[in-house]
Amino acid sequence: MSQHVNDLKHQIERVLQWEPAEHWELRDFAFLSEQVLAYTDCWLEAQDLQLFWQSSVTTPGLLDALAQFVDYDDWDAWCASNSVGKMAPNREVAWLYSPKSETPASWVVWILWLSGLASVAVAALLLWKH
(Lines give C-alpha, C1' and ligand atoms only; values in the text may rest on other atoms or scores of the structure.)
Protein backbone atom coordinates (compact mmCIF):
# COMPACT_ATOMS: atom_id res chain seq x y z
CA MET A 1 0.00 0.00 0.00
CA SER A 2 2.85 2.40 0.68
CA GLN A 3 3.94 2.27 -2.97
CA HIS A 4 0.43 3.27 -4.01
CA VAL A 5 0.50 6.13 -1.50
CA ASN A 6 3.85 7.36 -2.83
CA ASP A 7 2.63 7.08 -6.42
CA LEU A 8 -0.47 9.10 -5.53
CA LYS A 9 1.68 11.80 -3.94
CA HIS A 10 3.88 12.03 -7.05
CA GLN A 11 0.83 12.11 -9.31
CA ILE A 12 -0.62 15.03 -7.36
CA GLU A 13 2.71 16.87 -7.54
CA ARG A 14 2.71 16.36 -11.33
CA VAL A 15 -0.90 17.53 -11.64
CA LEU A 16 -0.12 20.67 -9.64
CA GLN A 17 3.20 21.17 -11.48
CA TRP A 18 4.83 22.12 -8.21
CA GLU A 19 8.24 21.38 -6.83
CA PRO A 20 8.58 18.20 -4.72
CA ALA A 21 6.57 18.26 -1.51
CA GLU A 22 9.60 18.31 0.79
CA HIS A 23 9.85 22.01 -0.12
CA TRP A 24 6.18 22.80 0.58
CA GLU A 25 5.10 24.96 3.49
CA LEU A 26 1.79 24.99 5.36
CA ARG A 27 0.41 27.63 2.99
CA ASP A 28 1.03 25.25 0.06
CA PHE A 29 -0.93 22.51 1.83
CA ALA A 30 -3.69 25.05 2.54
CA PHE A 31 -3.82 25.91 -1.16
CA LEU A 32 -3.92 22.22 -2.04
CA SER A 33 -6.78 21.81 0.43
CA GLU A 34 -8.69 24.55 -1.38
CA GLN A 35 -7.98 22.94 -4.75
CA VAL A 36 -9.21 19.56 -3.55
CA LEU A 37 -12.36 21.18 -2.14
CA ALA A 38 -13.04 23.01 -5.40
CA TYR A 39 -12.54 19.88 -7.50
CA THR A 40 -14.05 17.15 -5.30
CA ASP A 41 -16.30 18.92 -2.76
CA CYS A 42 -14.27 17.17 -0.03
CA TRP A 43 -12.69 19.32 2.67
CA LEU A 44 -9.24 18.26 3.87
CA GLU A 45 -7.37 20.09 6.60
CA ALA A 46 -4.02 21.54 5.53
CA GLN A 47 -2.38 19.98 8.61
CA ASP A 48 -3.75 16.55 7.63
CA LEU A 49 -2.31 16.94 4.13
CA GLN A 50 1.04 18.01 5.55
CA LEU A 51 1.07 15.04 7.90
CA PHE A 52 0.14 12.75 5.01
CA TRP A 53 3.01 14.00 2.87
CA GLN A 54 5.55 13.92 5.66
CA SER A 55 4.71 10.56 7.23
CA SER A 56 2.08 8.84 5.07
CA VAL A 57 -0.48 8.91 7.90
CA THR A 58 -3.72 8.20 6.06
CA THR A 59 -7.43 7.90 6.52
CA PRO A 60 -9.83 6.38 4.00
CA GLY A 61 -11.53 9.74 3.46
CA LEU A 62 -8.23 11.48 2.75
CA LEU A 63 -7.15 8.80 0.28
CA ASP A 64 -10.52 8.84 -1.46
CA ALA A 65 -10.48 12.65 -1.79
CA LEU A 66 -6.94 12.72 -3.16
CA ALA A 67 -7.71 9.92 -5.61
CA GLN A 68 -10.75 11.88 -6.79
CA PHE A 69 -8.54 14.94 -7.17
CA VAL A 70 -6.49 13.07 -9.80
CA ASP A 71 -9.65 11.84 -11.60
CA TYR A 72 -10.32 8.46 -10.01
CA ASP A 73 -13.60 7.45 -8.41
CA ASP A 74 -11.96 6.56 -5.11
CA TRP A 75 -8.87 5.05 -3.50
CA ASP A 76 -9.79 1.52 -4.56
CA ALA A 77 -10.09 2.64 -8.19
CA TRP A 78 -6.66 4.30 -7.90
CA CYS A 79 -5.11 1.09 -6.55
CA ALA A 80 -6.79 -1.06 -9.19
CA SER A 81 -5.61 1.21 -12.01
CA ASN A 82 -2.07 1.51 -10.71
CA SER A 83 -1.36 -2.04 -9.67
CA VAL A 84 1.65 -3.83 -11.04
CA GLY A 85 1.11 -7.23 -12.49
CA LYS A 86 2.17 -9.52 -15.27
CA MET A 87 1.13 -8.57 -18.72
CA ALA A 88 0.56 -11.31 -21.26
CA PRO A 89 2.25 -10.39 -24.53
CA ASN A 90 0.02 -9.92 -27.51
CA ARG A 91 1.31 -12.21 -30.27
CA GLU A 92 0.51 -9.76 -33.05
CA VAL A 93 2.27 -6.89 -31.30
CA ALA A 94 5.23 -9.12 -30.45
CA TRP A 95 5.50 -10.09 -34.11
CA LEU A 96 5.36 -6.47 -35.30
CA TYR A 97 7.94 -5.29 -32.80
CA SER A 98 10.32 -8.19 -32.64
CA PRO A 99 13.75 -7.35 -31.25
CA LYS A 100 16.37 -6.48 -33.79
CA SER A 101 19.44 -8.65 -34.08
CA GLU A 102 22.27 -7.40 -31.96
CA THR A 103 25.95 -7.40 -32.74
CA PRO A 104 27.71 -9.83 -30.42
CA ALA A 105 29.97 -8.17 -27.87
CA SER A 106 32.97 -10.21 -29.03
CA TRP A 107 32.65 -8.70 -32.51
CA VAL A 108 32.67 -5.22 -31.04
CA VAL A 109 35.85 -6.01 -29.13
CA TRP A 110 37.54 -7.37 -32.29
CA ILE A 111 36.46 -4.34 -34.32
CA LEU A 112 37.86 -2.00 -31.67
CA TRP A 113 41.17 -3.89 -31.58
CA LEU A 114 41.48 -3.88 -35.37
CA SER A 115 40.64 -0.19 -35.64
CA GLY A 116 43.23 0.53 -32.94
CA LEU A 117 45.87 -1.47 -34.84
CA ALA A 118 44.92 0.27 -38.09
CA SER A 119 45.28 3.67 -36.39
CA VAL A 120 48.74 2.73 -35.10
CA ALA A 121 49.74 1.48 -38.55
CA VAL A 122 48.55 4.68 -40.25
CA ALA A 123 50.35 6.81 -37.65
CA ALA A 124 53.57 4.80 -38.15
CA LEU A 125 53.33 5.19 -41.96
CA LEU A 126 52.75 8.95 -41.63
CA LEU A 127 55.76 9.31 -39.33
CA TRP A 128 57.93 7.17 -41.60
CA LYS A 129 56.87 9.20 -44.66
CA HIS A 130 58.06 12.46 -43.07
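The values are calculated or read from the model by the stated rules, or taken from the named source; none is laboratory data. Bear in mind that the values here come from a model prediction, so they are computed numbers and not experimental data. All Cβ positions, glycine included, derive from the backbone under ideal geometry; neighbour counts span all protein chains shown. Accessible surface is based on the protein model in full, side chains and every heavy atom, while ligands, DNA and RNA are left aside. Shrake-Rupley method; radii C 1.70, N 1.55, O 1.52, S 1.80 Å.
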(request) Specify the inter-centroid distance of segment 103-130 and segment 6-81, based on alpha-carbon positions, in whole Å. (result) 60 Å
(message) As a test question: what accessible area, to the nearest 10 Å², does Ser81 have when a 1.4 Å probe is rolled over all protein chains in place?
(response) 70 Å²
(request) Among the GluC sites (Glu not before Pro) in segment 1-45, which ones are in a DSSP loop with at most 14 other Cβ atoms within 10 Å of the Cβ? Mind listing them? (result) Glu25, Glu45
(request) Would you rank Phe31, Phe69 by solvent-accessible area, highest first, keeping every protein chain in place and using a 1.4 Å probe? (result) Phe31, Phe69
(message) Quick check: with the 1.4 Å probe, what order do Thr40, Thr59 take by accessible area, largest first?
(response) Thr59, Thr40
(message) Under the 0.36 nm per residue contour assumption, what length would be gained going from the current alpha-carbon distance of Leu125 and Asn82 to full extension?
(response) 9.1 nm
